[in-house]
Amino acid sequence: MLTCALAIFFFVMALIFAALYRPPNPSVCGRNESGTRVWIWGLGVGFPLVTLAALTAYGLFIGERLLPREAPDLVTVQAQARQWAWTFRYGEDRAIATDGVLHIPAGRPVNVEITSTDVIHSFWVPRLAGKLDAIPGHVNVLRIEAALPGTYGGQSAEFSGRGYREHVFTVEAHDAASWATFLAEGTQ
Amino acid sequence: MTLPSPASQPRGKALRLHLALARIWASDQRIRGWFTSSNNNDIGSLFLIVATSFFVIGGILAMLIRAQLATPDSAFMEPQVYNQIFTMHGTVMMFLFAIPFFEAMSMLLLPGMLGTRDMAFPRLGAYGLWVYIFGGSAVIIAMLMGLAPDGGWFMYPPLSSAAFSPGIGADVWLLGITSIEVSAIATAIEVIVTVLRYRAAGMSLSRMPIFAWYILVVSVMILTAFPPMILGSLLLEVERALNWPFFQVENGGDPLLWQHLFWLFGHPEVYIIFLPAAGMIATILPVMARTNLLGYGWVVAAAVSLAVLSFGLWVHHMFTTGIPHMGLAFFSAASTLVAVPTSVMIFSWIGTLWKGRARMGLPMLWIMGFFATFVIGGLTGVMLAVVPFNWQVHDTHFVVAHLHYVLIGGYVFPMIAAIYYFMPLLTGRTRFFKLGEVAFWLVVPSFHITFLSVHMAGLLGQRRRTWTYDADQGWTALNLVASIASFVMAIGFALTILDVAVNAFVAVRGRRNPWGAGTLEWAGAIPSPAYGFASIPIVQGRYPLHDDPDLALHIARGEGYLGDASRIRRETLIVSTARGEPLQVVVLPGNSVLPFLLAVVTSTSFLAPLFDAYIVAGLALVAVVALALVWAWGLGGRVDEGHVDAGHGAMLPLASECRDPPGWWGSVFLLLADGVHFGSLLFGYAFLWTVAPNWPPHSYLQPQLWAVIVALTGALALTAGPRLAVRAIAKGGTAWPAITLGIVGSLALAIAAASVMLDRPGPARHAYDATLWLLAGHVGLHTILSAIMLCYLAARVAAGYASPARIGEAGIVKLWADFTVATGLVALAAAWLPGAFA
Ligand code: HEM
Ligand SMILES: [Cu+2]
């Protein structure tokens, strides 16, 4: 995407410079007709339409992959934000709770049900997925999946007042064994 | 032109005409003249100076931000202070600088471009200026007292609700900004009526200067984009003050409602800011390239479609709020689509350059700065419209950088170009000191260094609105570079302002039309006198000065329309909207302190609630009505003048003796804004009903038969009364029985509205009740307005201000009454129907 953008930028700038520093044009008038065809239709309308169609298709294609879909081994957790902390809940009856650390199994799709108890926050783990807002009264579902066990940084991404900068959390992705231990210890 | 040749005219005619007109149009030369003048030159200059001062204030705040971010773990500011600073920076730049600045430019330039003598409603313009000055100063003073809002410039509740933002910071924002929006709406109405009705003879729509098209589109956008925001501010302010739970989930509110209302305004706002700048480019660039704009019609079409599209796109600011997937795909595709009209404009300009022979010069240099910057801003914008990417950088400094590329590159740079381009016209001087070039080369490169670094920091994950960062996060170098470059940029901007100021006051006198432009603003004397044109030009093409190089002379000698000052009053021409044929002669009001006084009481009514001075606010509101009536009473006349000589053998009626005087047109557009406001309220009602949790409410309002009957009869009477009154006046008959019928009708409607409130006491219980109160409040307010107007009309008739010819005022009252009936019935139906069917 960046290369495309750079290419377009240099193309436009080159056109402008060519227009400025080119030998004087003898026939100034009478060229409006062909001018309109080239500049307005060709470059003004045609050019962005083609580029945008490609870009949108690409975006939708990627977006499709990020959608929460039915999966047999799906895990659902709840993320509840408040000024300036995160509480995560697990299990059928949400009996297990952790503060500030979200535990998930690695290699399995996880649905995070995001909500807030006070103001609007946003759940964002840059290396796992895009962000989704935590809104009081609403539950938004975000699909994440950590390929490998490990620790991932997460943060709120919607301004929430004084403690906004420190409103962060971590994600612990467990392998199958330690995920089982986590659930077992939690339910005790 | 078919005018007598210059040689056959007696010498000295131009001078005599100039002296006569100058006396008629002069503003008071004493200090108090600043408070009583309504001339577009005075108002525009004051507007421009004040807007520039706010740019300086916003810039100082920006420097404070960059100073704080220059080093990691900075102890320069605490988070509480930082939050106030960036909120105020965004607010000041968007509301107190960007919009007023282009309004100022259009007040200064439009009458000249259109070939008329002043704006359509000079006093309304003065009123808008003063409301803006008072509202803006109040916001700044509050900041200096440490009472600034700190929730970010989009003020999302619940963060901005009373529970999480106690204190008056948020109230300052809501009330101050709303008063500025009221002022913007006033100016927009003035601009629209000016463009549609006040033009040179023969200037059809397709012969209008391109800037007039742009500013027309922008003004209509203001009328449709600001009302949702005003409604949002009203809801939030009422929630904060009276606890009506519009945004509180527990009681049937929903914070997402604010986001919809805000972005219904906020997205078009970006184009409201960009389009005037684009209009300036489309004006300046062809002249600097010694040619005409390529594809004039296409550029107009592009501006219109950009405006239309921009209203469908607000949701793209809410991609992360959990919008359904189909919605995301739609809005994502639609958002990228705005690139098409934008690119039509850009390539039309490049094609124009290609067609002509460009010369450099300072205005052109800044336009080049615009191209280099805005194209990048547009490209990053398209990137942001792609959903997966948006999810990654939303709310990081990438967005901050994008927004500044668009706002500074797409707005500030072209406006500086415009200032330099129009300086000879506004000040009568050509540039003498050449500080401007130095300033340019300081600003543009350092701008790119600053915001390219900010882009990078955003991609690396630096979140916007965080007051500092740690040394080990890897953003230290980027931020330091950005800060240093931003200080250089600030110096550059300061030099630019200095350069303009110095050259405005001490540079050498310049000659007329130094750039060789073809449009009318360059056909008057330099600097533009208060009366604008000695006579109203007659045009036959898009570039009248190219068609007739002697046009300026003809105008000065009074060879256009109204080139005769013998009636000793401020007259100008009204033309037919589409074809520009002379239709009416309008008499503009003279100097008056009323606009200033009205602004004082309006601002008092807005600002007094900040200090819980509700009684003062109420009294101020009464004063607003009283002063408005005094204002209106002073207009119009008691005798029919019949047709007057407009020159060229044309005998035209006075506007005050026509069925559609400017006031009627102004009312139509004010009611458009009012209607959008009402529509937003219905939208909010439907939104809460369908989306908010904790709906439906426990019980519904049950319509009562008597109230329904009263409402329907009232509506009937309020529809019939004004109609019969107009007919009676037109026939010279007695109007008061019909007017009384109308008053009774409006009171009946008001009673029906009151019954809604009485049936549901306790608007603080549930968002449903609160919304019912607002619907009823809408009806109540408009019925009271209608009743006041009808009483006023009766008094006018009694005092002899109405006649079969002078019937315009009655028509205006009828318009308001019709609006009251239509929206009143819809509002009551919306309140009653759910209960009737539940
Ligand atoms: C003079 C150079 C300017 C500099 C160095 C600058 C710098 C900044 C920075 C660093 C921020 C981000 C603060 C944060 O999120 O932590 C910001 C925010 C913002 N700026 Fe500027 N700015 C400048 C001019 C402008 C202009 C001319 C406009 C508008 C016409 C503008 C509009 C905004 C807005 C709307 C925000 C968002 C505020 C918010 O997040 O609530 N800025 N600016
Ligand atoms: Cu937008």
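Before moving on, here are some points about what is shown:
- Prolate/oblate/rounded label for chain A (Cα gyration tensor, a/c 1.5): prolate
- Between the listed residues B:LEU425, B:ALA738, B:MET456, the Cα displaced farthest toward the positive end of the dipole of chain B, a dipole computed from Cβ unit charges relative to the Cα centre, is found at B:LEU425.
- Think of chain B as having a plus end and a minus end, set by charges on the Cβ of Lys, Arg, Asp and Glu; of B:ALA212, B:SER446, B:PHE101, B:ALA212 sits farthest toward the positive end of this dipole.
- Shown here for the range A:87-150: GluC sites (Glu not before Pro) in loop regions (DSSP other than H, G, I, E, B) with at most 12 other Cβ atoms within 10 Å, namely A:GLU92.
- Working value for the range A:75-186: equivalent-ellipsoid semi-axes of 22, 14, 12 Å, each the square root of 5 times a Cα gyration tensor eigenvalue, largest first.
- Dipole of chain B [Lys/Arg +1, Asp/Glu -1 at C-beta], most positive-end residue of B:SER233, B:ALA517, B:VAL304: B:ALA517
- Ordering of A:102-111, B:221-230 by packing [mean C-beta count within 10 Å, highest first]: B:221-230, A:102-111
- Both radii were evaluated on the Cα set of the range B:685-795; the Rg over Rh quotient, with Rh as the Kirkwood radius, amounts to 1.13.
- Over all distinct Cα-Cα pairs of the protein assembly as shown, the Kirkwood formula returns a hydrodynamic radius of 30.7 Å.
- Partner lysines whose Cα lies under 29 Å from the Cα of B:LYS731, excluding those fewer than 8 positions away in the same chain, are identified as B:LYS814.
- 10 Å-binned pair-distance histogram of chain B (Cα, whole percent): 2, 12, 22, 25, 20, 13, 5, 1, 0
- Charge dipole (Cα centre; +1 on Lys/Arg Cβ, -1 on Asp/Glu Cβ; no other charges) of chain B amounts to roughly 2440 debye.
- Relative contact order computed over chain B (Cα-Cα under 8 Å; 6+ residues apart), in percent: 17
- Note on A:5-14: average number of Cβ atoms from other chains within 10 Å of each residue's Cβ is 4.
- Counted by Cβ distance under 11 Å from A:GLU158, the other residues give a net charge of +2, where Lys and Arg count +1 and Asp and Glu count -1.
- For B:TYR469, distant residues with modelled amide H under 5 Å away: B:ASP73, B:SER74
- For A:SER122, residues with placed amide H under 5 Å, excluding near neighbours: A:ALA134, A:ALA157, A:GLU158
- Accessible area per residue (1.4 Å probe, heavy atoms of protein chains only) ranks B:ASP254, B:ASP470 as B:ASP470, B:ASP254, with the largest value leading.
- Normalised by the number of residues in the range A:75-186, the average gap of Cα pairs under 8 Å and 6 or more apart makes the relative contact order 29 percent.
- Each residue of the range A:107-124 is assigned a 3J(HN,Hα), and the resulting list reads x, 10, x, 10, 9, 9, 8, 9, 8, 9, 9, 10, 9, 7, 10, 9, 8, 8 Hz, derived from the Karplus form 6.51 cos²θ - 1.76 cosθ + 1.60 (θ = phi - 60°), x at Gly and Pro.
- Accessible area (Å², per residue) of chain B, counting only protein heavy atoms and a probe of 1.4 Å: 34
- Drop in accessible area of at least 40 Å² in the complex versus isolated chain, residues of the range B:390-417, 1.4 Å probe: B:TRP391, B:GLN392, B:ASP395
The values are calculated or read from the model by the stated rules, or taken from the named source; none is laboratory data. The shown structure was predicted, so the numbers you read here are calculated from the model rather than taken from an experiment. Every residue, glycine among them, receives a Cβ derived from its backbone with ideal geometry; neighbour counts consider all protein chains shown. Ligands, DNA and RNA are excluded from the accessible area calculation, which covers all protein heavy atoms including side chains. Shrake-Rupley method; radii C 1.70, N 1.55, O 1.52, S 1.80 Å.
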